[in-house]
Structures are given as C-alpha cells and as structure tokens.
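The values are calculated or read from the model by the stated rules, or taken from the named source; none is laboratory data. On a predicted model such as this, the values are computed, not experimentally measured, just so you know. Counting neighbours? That spans all protein chains shown, and the Cβs are built from the backbone with ideal geometry, glycine included.
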Amino acid sequence: MLGAIQPAQVWSWLEQVSDPEIPVISVVDLGIVRDVALKESDGGTDCTVTITPTYSGCPAMLVIAEAITQALQSHGVRHVRLATQLSPAWTTDWMSAIGKEKLRGYGIAPPTQQVIDISGISRRGRVVATVPCPLCGSTNTRVTSEFGSTACKALYRCADCLEPFDYFKCH
C-alpha cells in the first residue's frame, strides 16, 4: 500500500513520548517500548506496541499508555493496541546511552553498572557502586537514602558541591 506507515516511523514518533516522571527521557530511551508491530487493513493502519513496565505496579504506566496511544493516533494510526510484557522483567540495561546522558543533564545520576555486572560486589555480597555527581562530576558521593523521589531512585549527596541528587538504581 502506497504511503503505508513503516515501523521506523512509529519508533520515531514514540521517541517523542516523554516519561511522565522524568520528562527529558522518552519511553524508547528508557527501554519501556519493546516492540512495534503494524498491520494494514482496508480501514487503515493497526499498531501493537509491546511495553514493559519499569517495575510491577508502576503508577506511570497508565499515563504512558495514554500518551503512546494519543501520539500514534495523532499521526494517523487508526487502532493502537498496547501489550504489556512482564517477562523478561525490565532492567536499566535496556536504557539507551542517549537516555542515560539525558538523565545526567537533568541532574539524575544514571545507572553506573549493568545489572549483570558483578565487578562492584564486595566480599560481603553488598553492591559497592561509584556514583558520580551529575552536577559537578565528583565521585566523592554517598547514599543518604535507598529511596529517592521515586522507588526506582536512591538519594545521594555530593561531598564536594554539597548538593543532593537522585541516582537511578540498577535493576
């Protein structure tokens, strides 16, 4: 069909859908969007977008689902179906490098390790990660709370610039 919507175009549109909790990062850069499937019919284009929540029960997923649907329908996709895929579970390893840089620029330290990376494990089995301050770059930082502004972040403080900041935890 001439003028049919292509998957690459849908991915491009989805890159414009911001995460409601961190508006500088898209749902694609966050790694929430797992797949896009298109089907052409006489009535137009139908699209199934497979998404994986960052964690089970994430309150932002309803807002994200609505934003995805609205974005695609505004570009002429007739019917948008969202499929939630829980397995494999979302991991910060799925975040794009661009997304991690956007987090840093927003003042949130991005994950410092891959989830499968065991290089930061000490003898006691506790993860020891160096978290650079996103504001000044210092590694002279310490955790002040295991939970920050959301459950997926921890609160840190930089000992050099003295500013608190969120760290997007590896998981």
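Things worth noting here:
- Index of the failed condition, VAL77 passing every other in (1) over 26 Å from GLU101 (Cα atoms); (2) under 17 Å from the mean Cα position of the chain (by Cα): (2)
- When the range 158-171 is filtered for residues that are within 23 Å of the chain's Cα centre (by Cα) and free of Cβ contacts under 8 Å to residues at least 24 places away in the same chain, only PRO164 remains.
- Residues in the range 134-157 that are part of a loop (DSSP other than H, G, I, E, B) and under 20 Å from the mean Cα position of the chain (by Cα) were compared, and the one that is modelled with the highest pLDDT is PRO134.
- For CYS47, the criteria (1) touching a residue at least 12 places away in the same chain (Cβ under 8 Å); (2) under 19 Å from GLN6 (Cβ atoms); (3) surrounded by fewer than 15 Cβ atoms within 10 Å (Cβ to Cβ) hold in every case but one, which is (3).
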